[in-house]
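The values are calculated or read from the model by the stated rules, or taken from the named source; none is laboratory data. What you see is a predicted model; the values in this text were computed from it and never measured. Here the Cβ positions follow ideal geometry from the backbone for every residue, glycine too, while neighbour counts run over all protein chains shown.
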Amino acid sequence: MRKKTDGGHAIPEEDLREMEQEEGREMPEGVESQTGYCRFCGQGGVVHTMMGWGQDEVNEAVTCRCQCEEAKKYAESKERVQKAKSRIEELFSSTAEKPIDQSVVNIMFRAVDAIEEKAMKGITIEVGQGIKARVSKMAKESIKVERSEVQKKTYEE
Ligand SMILES: [Zn+2]
């Protein structure tokens, strides 16, 4: 049994089945294949995205995967920032064991951006109640996030 394609070429049934399976594997439901371009060198690439991604998001994903120098630097920088911010969330935000005010957490997020932009080296925040928050640049460009807490003993006898 053979099926005809539009071009009139006969494709063996088993090849057709293989092609269909291939497609099924690549495109699970809700996922689509989109083409984007590296922001730095312009090289195109295909990413599989969830439905509804805009071109900017697709370009961003392609850029982060591109192997050109600029894109690699950009991807590393982005990863550094994300790592530092998720560490801040872990240590200080509402999901932390002892959360601090979100407005202070936001200052720390801004500090991470400023450090990555080389606008400053670090910041230490006196949160109060003996809690100190520190964000600072380390050797090899990484960004360190620290939380320290001084146990103050009060005597009320
Ligand atoms: Zn590139």
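Below are the figures for this structure:
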| item | result |
| --- | --- |
| Set SER77, SER86, SER142: member being in contact with an Asp or Glu (Cβ under 8 Å, 6 or more places away or on another chain), polar (S, T, N, Q) and not assigned by TED's automatic domain parsing to the domain that holds ARG39 | SER77 |
| Subset tally (residues that are over 30 Å from SER136 (Cβ atoms) and more than 10 Å from the ligand (Cβ to nearest atom)) for the stretch 48-85 | 13 |
